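Scroll down for the structure; my scribbles are underneath it.
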Amino acid sequence: MQELDIVKPASVAEAVSLHGGAVGARYLAGGTDLVPNMRRGLQKSRKLVDITGIEELRQIAFENGALRIGAGVTLEALCASDLVRRHAPLLALAASQVAGPTHRAAATLGGNLMQDTRCYFYNQSDFWRTANEYCMKAEGTICRVAPSSSRCWASYCGDVAPAMLVLGAEVDISGPTGNRREPLAALYADDGLQHLKLGPGDLLVSVEVPAQSGWTAGYEKVRVRGTIDFPLAGIAVAIKREGNRIADLRVACTGVNAYPGLVPNLEAWRGKEPDEAFFAALEKAVRKEIQPMESTLTAAGYRKRVALGLARKLVGELFESAGA
Amino acid sequence: MNTKPSKGVGQRMPLYDGVEKVTGRAKYTADLFPRDALVGRIYRSPLPHAELIEVDVSAARSLPGVVAVITGADCDIPYGILPIAQNEFPLARDRVRYFGEPVAAVAAVDEETAERALKLIRLHVRELPIIDSIAKARAPDAALLHDKKPGNIEREVHNEFGDTAAGFAAADLVREQTYHAAEVNHAQMEPHAAFAAWEPEREQLTLHTCSMVPYYVHKKVAQCLGIDTAQVRVIKPYVGGAFGARVETLNFEIIVSLLARAARGAVRMQLTREESMLTHRGRPESETRVKLGMTRDGRITACECEVVQRGGAYAGYGIITILYAGALLNGIYDVKNVKYDGYRVYTNTPPCGAMRGHGTVNTRVAFESLMTSMAAELDLDPIEVRRRNRIPGPSVTPNGLRVESYGLPQCLDKVEEASGWRQLRGKLPKWKGIGMACSHFVSGSAKPVHFTGEPHATIVLKLDFDGGISILSGAADVGQGSTTIVAQVVVEVLGVDWRRVRVITNDSAVTPKDNGSYSSRVTFMVGNATLDAAQKLKQVLVEAAARRLQVEPDQVECLGESFHVLGDPSRAVSFSDATAEALVDTGTLHVKGTFTCPIEFQGGKHRGGAVGSTMGFSYAAQVVEVSVDPVTCRVSVDKIWAALDCGFAINPLAVEGQIQGGVFMGMGQGLSEQTRYENGKMSAANFLDYGFPTMAETPPIEVFIVESIDPNGPFGAKEASEGPLAGFPAALADAVRDATGLEFHEWPLTPERIAKAMEAREREQRAAARKTVRQPATAGAA
Ligand SMILES: Cc1cc2nc3c(=O)[nH]c(=O)nc-3n(C[C@H](O)[C@H](O)[C@H](O)COP(=O)(O)OP(=O)(O)OC[C@H]3O[C@@H](n4cnc5c(N)ncnc54)[C@H](O)[C@@H]3O)c2cc1C
Ligand code: SF4
């Protein structure tokens, strides 16, 4: 690993100014995504702005019907927070499935939302990548997953983002060019190389999530092992029910695209009964949204199958429990 | 000190070094690195197969801070664990045969310099075809990895015992099936590490390494450095797991020694996880075709088995592995007619080696799977079928192996009852199932790898003026508990207070040679040698006490901390006084105990007949309960019941740990573990992608110890660690079949594999439904 310049600011403003949008500078939170990548030579940062000392990033508050979670809150703290469990239990559920317990003790919400995209050809040692002549995402020119493609298909594999998306989260960002608020969904792009629409030096300060009340929600991920593994596919669902009809429905996916995304056009099913035609249409909508590629050791076909299966199962189960 | 004799064996006690290990106080090899030692790093081949035209290290050599650079030119002496198959050089010469094979090495003042030096090394090569599968290796026109090995066959084995043709003719049901098991790695917790110090003034080398076989390392390091074994000293600190990964001399141990001599100083070397996995020596991928004949009532009349193993680039233990795969078709059931054909092939993948259950696991998995499947076809209960094939009593197997104690039937009883098998088998709700299988393993290979004529195990007890008993043991404790066992045996025999005893292990300058921790030989052989030593020391002390008490030795009773005249407890001498008396005229006592397996236990007369030979087999039975998720197709193991006949549990707590560990490792192989290659390049060489199970997937494992009291084991003890592994993958597949109706012949049973099978079945069902719709009349008529 290269020599590093590490600074540890005490406030958001100081962090942003220390970073200053400089080339090769990066925010360091729990380091559970960044450090393994740096050790493999995937990110060649020279300067790290360690944001774990910033108190205001570690706050959780509930005001005006919305939950506000600082980007520096660890996933462990998020899972344990009474406010989160009361007002947005879905977030605790999703966060509890990230990596393993020791990771969650260090890993932060911000780092989770901002984690790099992943690919079998990319998340390898420098020795391996050198021997395999690299790929477009780092040091190389062609995509090993789809050699004729002009883009990178690495997938975004965070567990918390889809849960945030179905609850309609918004993010507060502070950067060298000022502060802004935008929907979380607007932060992501369909590009394995550049999946975040963040300006240089932009710092995620907090996430605001409307209270979950009225929604019945769930998150499930598929992985080979019961812990540690990233999602091969993950599905978050939030549903509202009126009588025998769907009042509202949101579905978001992770692990199956370069970004975590909401399945579009589900509004059409508001006010309808979840019959077999609905489930067939749901599967079709999810199939259209996702595009897993051969970027994991597990075949893409499997990831597609379980993403569809999980969406169907979760929506069905949650609709049932919403009625209960 | 205690007044009553202390108990040693049969005690549930924490491992002798357990507290150090769990509290982090234990120092492993890398913790002991001297700060001022140079950093050694290995330059590895980026290609799986190529002719080396030039290894250009000139730029690396002239980088400031680099003290030594070595290449294949620095050592032209091949090594290998088997004296008859030494075809590996510590650093490749002329040719590289697997991705990651060491080509050059540097010693530098720090990590960064060493790293930079590696980047300056240039290879000029001619690439050769990559032979990375069994099929490619065996293709008629395949490129050859080694000159004198036509067909890339390292070793073929063919033998037949009894008359299989007649056996099959006598069967009511004959079935044949091919099973495929993926290659797996030991994935031991501690990555490889070693440091070597060359003392230029004395021309001596001291090597610290994480080995299971310090004696073999000692020999091979001396051999490759071209120095006398007397110039070498090998020390093995605590080892963080091994499972066979370190059961032969590994390239890095020789490389670090060569570097130390070249640098005329001390060199430390810590391999990364990826490098540790590339060093490999794991269980080979294998194709196992089994054919069994069975009578209507479940008796096996004949067995035919063909095994092909993808051995990797060099010989290693390969010949033994392919022999083991056939030898242990025997020794668990009463089968009189057994034919075996084995092929070990060379491929451009890292060399395989000995891994827990050496050679026998995939054969057992295949055999057990077919046995259960045939039982189902005959409408027989699989546990009952095993009972019907039990070995009747002490006997010799068709291939000349001796079975003296046999607790398999009791193991079956235990797991059948505890699991509620009769109530659950075939009766669990959809997506839940229960399955079973058996397995066995040797308690030490009765014939050592290197035949020297020496005893098979030696232990020295040192007693001096202080009254402390030092057990000098060369047995390599790699977590399995050998240090604990020798201490328990000594305390049991002498009855002394525990505080009097110390175990000093694995320093070749101090401790007696031991062959090493392989083939589960240590408790049996070293245990027996310790028993011999302790009894001899006791005799010395009893005689000394008799002199003090002025009676005959047979009038003396030993109570551990004191010696009494029989029937007159008032006439006694203390342990210290007996020791003082024993030292008169002789001084420091060194009492030696040994053990040798008698020749009649050393296997059949046929070629390779020594492999599989042992004085006692452990036996295991296990039942596994699973759930299969219909959406994700993931198998969860809900509960395991495992019973093991280990002869006698010298330390029941340690035995339970070993059974759980063995079962767990079988679970890894069954569920999710496998090495992966991308064009011959190992590509899941890390703990995230390799996929061994975690605590989250580990269900409660209920363990039962069966004590058959082996006539030859120390206090009746046999092996307790390798035996319980092989049953798992077969029991798992059996349980998954019970849950889903799908039969699997390939491991691991990943969600993806199960999904594929489910999809195939769904397709078939859809096709059948279409057919029924289209041809209602025919379907109705049929
Ligand atoms: C073995 C292993 C298993 C894992 N399994 C999972 C899993 O199952 N699911 C999952 O979701 N993740 C998993 N992860 C990834 C990782 O642990 C999590 O995503 C974690 O939440 C990252 O948080 P962090 O604080 O450690 O981020 P860091 O590593 O510190 O940062 C990650 C990235 O985010 C940027 N960043 C961090 N905070 C901010 C901020 N406030 N503003 C702007 N940029 C920021 C950093 O610059 C960096 O680029 C796993 C990681 C490992 C090593
Ligand atoms: S998807 Fe293609 S470009 Fe992106 S990381 Fe994988 S191989 Fe590289």
Any chance you could check the Cα centroid distance between the stretch B:620-662 and the stretch A:239-271 for me, in angstrom?
-> 42 Å
Pop a pseudo-label 7 angstrom from the Cα along the beta-carbon direction at both residue A:43 and residue B:1 and give the gap in nm to one decimal.
-> 6.3 nm
Overall form of the stretch B:423-466 per C-alpha gyration tensor (a/c, 1.5; a/b vs b/c) | oblate
Positive-end extreme of charge dipole, chain B - chosen from B:326, B:491, B:518 (charges on Cβ) | B:326
Given B:96, B:120, B:82, which one lies farthest toward the positive end of the charge dipole of the stretch B:63-130, if we put +1 on the Cβ of every Lys and Arg and -1 on the Cβ of every Asp and Glu?
-> B:96
Looking at the stretch A:214-255, which residues lose a minimum of 30 Å² of accessible area between their chain alone and all protein chains in place, measuring with a 1.4 Å probe and not counting ligands or nucleic acids?
-> A:224, A:225, A:226, A:227
The stretch B:208-264, accessible area per residue, ligands and nucleic acids excluded (1.4 Å, Å²) | 23 Å²
If R0 = 25 Å, then residue B:341 and residue B:379, at their Cβ-Cβ distance, give a FRET efficiency to the nearest 0.05 of 0.20
Got a number for the accessible area of residue B:58? Probe 1.4 Å, square angstrom, nearest 10.
-> 70 Å²
Other chains near A:68-79: what is the mean number of their Cβ atoms within 10 Å of each residue's Cβ?
-> 0
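Using 0.36 nm times the number of residues separating residue B:451 and residue B:139, minus their current alpha carbon distance, what extension gain do you get?
Working: separation 312, 0.36 × 312 = 112.32 nm, distance 3.67 nm.
Stretched out fully, the residue B:451 to residue B:139 stretch lengthens by 108.6 nm.
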In nm, the gap between the two label points placed 7 Å beyond Cα toward Cβ at residue A:17 and residue B:149 is 6.7 nm
Per its Cα gyration tensor (rounded if a/c is under 1.5, else prolate when a/b beats b/c, else oblate), the stretch A:1-143 is best filed as oblate
Residue B:687-residue B:547 FRET efficiency (beta carbon distance; Förster radius 45 Å; 0.05 resolution) | 0.15
Cα-based equivalent ellipsoid, the stretch B:164-273: semi-axes from gyration tensor eigenvalues, Å | 43, 17, 11
Per residue of A:124-136, how many C-beta atoms from partner chains lie within 10 Å of its own C-beta, taken as a mean?
-> 5
Scan around residue A:247 for amide H atoms under 5 Å from its own, H built in the peptide plane at 1.01 Å from N, and keep only partners 5 or more places away or cross-chain.
-> A:240, A:241, A:242, A:271
Name the GluC sites (Glu not before Pro) in the stretch B:158-212 that are in a loop by DSSP and that have at most 16 other C-beta atoms within 10 Å, would you?
-> B:201, B:203
Cα coordinate range in chain A, projected on the principal axes (Å, largest first) = 61, 48, 34
Efficiency of FRET between residue B:422 and residue B:742 - r from beta-carbon atoms, R0 30 angstrom, step 0.05 = 0.80
How much accessible surface does residue A:114 have with a 1.4 Å probe, in Å² rounded to 10?
-> 40 Å²
Ignoring everything but the protein chains, give the 1.4 Å probe accessible area of residue B:186 in square angstrom, nearest 10.
-> 10 Å²
May I have the count of lysine pairs in the stretch B:634-782 with C-alpha atoms under 29 Å apart, counting pairs 8 or more residues apart or located on different chains?
-> 4
What percentages, rounded to whole numbers, describe P(r) for the stretch A:214-284 computed over all alpha carbon pairs with 5 Å bin width beginning at zero?
-> 4, 15, 22, 23, 16, 11, 7, 2
With bins of 10 Å, the percent of all Cα-Cα pairs of chain B per bin from 0 is 3, 13, 22, 24, 19, 11, 5, 2, 0, 0, 0
Mind listing the phi-derived Karplus ³J(HN,Hα) values for the stretch A:60-71, rounded to whole Hz, using 6.51, -1.76 and 1.60 with θ = phi - 60°, and x for any glycine or proline?
-> 10, 9, 10, 9, 6, x, 10, 9, 10, 10, x, 5
Share (percent) of C-alpha pair distances in the protein assembly as shown greater than 53 Å works out to 27 percent
Obtain the nm distance between the two label points defined at residue B:202 and residue B:158 by a simple spin-label model: each point lies 7 Å from its Cα along the Cα-to-C-beta direction.
-> 5.5 nm
May I ask for the distance between the Cα centers of the stretch A:188-235 and the stretch B:683-705, given as a whole number of Å?
-> 27 Å
Which value results when the Cα radius of gyration for the stretch A:127-256 is divided by 2.2 N^0.38 Å?
-> 1.30
q = 0.15, 0.17 Å⁻¹, the stretch B:75-156: log10 I(q)/I(0) [Debye, one scatterer per Cα] | -0.73, -0.87
Average partner chain C-beta neighbours within 10 Å, per residue of A:303-312?
-> 3
Could you state the number of Å between the C-alpha centres of the stretch B:50-127 and the stretch B:482-559?
-> 46 Å
Using the per-residue mean of other Cβ atoms lying within 10 Å as a proxy for protection, in what order, highest first, do the peptides A:152-161, A:75-84 fall?
-> A:152-161, A:75-84
In the protein assembly as shown, carbon and sulfur make up what percent of the accessible area (probe 1.4 Å)?
-> 51 percent
Size of the stretch B:654-701 along its principal axes in angstrom, Cα-based, largest extent first?
-> 41, 19, 16
Paramagnetic label zone (point 7 Å from Cα along Cα-to-C-beta, residue B:764; backbone N under 17 Å) in the stretch B:724-757 = B:734, B:736-746, B:753-757
Mind putting a number on the dipole of the protein assembly as shown about its Cα centre? Charges go on the C-beta only, +1 for Lys and Arg and -1 for Asp and Glu, and I need it in Debye to the nearest 20.
-> 1800 debye
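The values are calculated or read from the model by the stated rules, or taken from the named source; none is laboratory data. If you're wondering where the values come from, they're calculated on a predicted model, not measured in any experiment. Quick reminder, even Gly has a Cβ in these numbers, built from the backbone with ideal geometry, and neighbours come from all protein chains shown. Surface accessibility is based on the protein's heavy atoms, side chains included, excluding ligands, DNA and RNA. Shrake-Rupley method; radii C 1.70, N 1.55, O 1.52, S 1.80 Å.
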